[in-house]
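Taking it in order: structure first as structure tokens, then the write-up.
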Amino acid sequence: MKLSLLQNIVMDSISHNKVHFTRDVISPNLESMKIMGYEHKGFYAGITSLQAYFDSNMSMLDEKIRHEVFGDRSVFTKIRDSAPTKYGNCAVVKNSLIADGCEIYGEVENSIIFRNVKIGRGAVIKNSIVMQNTVLGENCSLNCIIADKNVTVTGRKNLSGSENHPFYIGKGIMI
């Protein structure tokens, strides 16, 4: 699909309050557009809500799913030339994906930590997604949280969602 066609379809969808790409955009145009597909038998995660985003990201902690998605290939992202992650003497990390440039002095379990995240002493992060440049203060606790970029959670804060309803902290928010 040409980029200009996709842009026109998206802009038209927005102006007519169409929110579901397949149901509201593709299906009504089956006869006027040449639309083809192919069968995909591998892992698929349809991200249509905050819950779906949380679930699909957390599924990457399963080694079998990660292998199905990435195989034996290395995963390359934008080069930032960051230092490796620094783990403090009391740091504990279990079943988590940690990007480079982080500083971890607390505990991280079943979580995905993006670049340049700082996790203070005594902090406990479980079942959460923490995006880049976020600072989590000393003795704070996060469970089932999605923290967007540049979030600051000051010390001694306890924030918790649930696996069926994760709590979202917006970009740049300080708590």
Considering residues of the range 107-127 that are touching a Phe, Trp or Tyr at 6+ places or on another chain (Cβ under 9 Å) and open to solvent by less than 20 Å² (accessible area, probe 1.4 Å) only, the residue farthest from residue 150 (Cα to Cα): 123
Residue satisfying all of: in the range 141-155; open to solvent by less than 10 Å² (accessible area, probe 1.4 Å) and in a loop (DSSP other than H, G, I, E, B); nearest to residue 170 (Cα to Cα) among these: 151
Listing of helices (runs of 4 or more DSSP H) fully contained in the range 1-78 that carry 2 or more residues being more than 30 Å from residue 161 (Cα to Cα) and among the β-branched types (Val, Ile, Thr): 3-15
Every pair of residues 6+ apart whose Cβ atoms lie under 8 Å, when the first sits in the range 85-105 and is over 18 Å from residue 135 (Cβ atoms) while the second is among the hydrophobic types (A, V, I, L, M, F, W, C) and surrounded by 12 or more Cβ atoms within 10 Å (Cβ to Cβ): 92/108; 94/108; 95/61; 97/60; 97/61; 97/112; 97/113
From 82, 111, residue being closer than 17 Å to residue 143 by Cα and of a type in the set (S, T, N, Q): 111
Matching residues in the range 125-148 - criterion: being more than 18 Å from residue 104 (Cβ to Cβ) and not hydrophobic (A, V, I, L, M, F, W, C): 148
Neighbours by Cβ (under 7 Å, 6+ apart or cross-chain): first from the range 153-170, touching a residue at least 40 places away in the same chain (Cβ under 8 Å); second part of a strand (DSSP E or B) and surrounded by 17 or more Cβ atoms within 10 Å (Cβ to Cβ): 166/145; 166/146; 168/146
Residue that is nearest to residue 69 (Cα to Cα), among those in the range 37-56 that are of a type in the set (Phe, Trp, Tyr) and surrounded by 10 or more Cβ atoms within 10 Å (Cβ to Cβ): 43
Filter result for residue 163 (open to solvent by 50 Å² or more (accessible area, probe 1.4 Å), among the acidic types (Asp, Glu) and within 19 Å of the chain's Cα centre (by Cα)): yes
The range 77-106: number of residues that are of a type in the set (Gly, Ala, Ser), over 13 Å from residue 125 (Cβ atoms) and open to solvent by less than 60 Å² (accessible area, probe 1.4 Å): 4
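The values are calculated or read from the model by the stated rules, or taken from the named source; none is laboratory data. Values in this document were obtained by computation on a predicted structure and should not be read as measured data. Glycine also receives a Cβ, built like all others from the backbone with ideal geometry; neighbour counts cover every protein chain displayed. Only protein heavy atoms, including side chains, enter the accessible area calculation; ligands, DNA and RNA are left aside. Shrake-Rupley method; radii C 1.70, N 1.55, O 1.52, S 1.80 Å.
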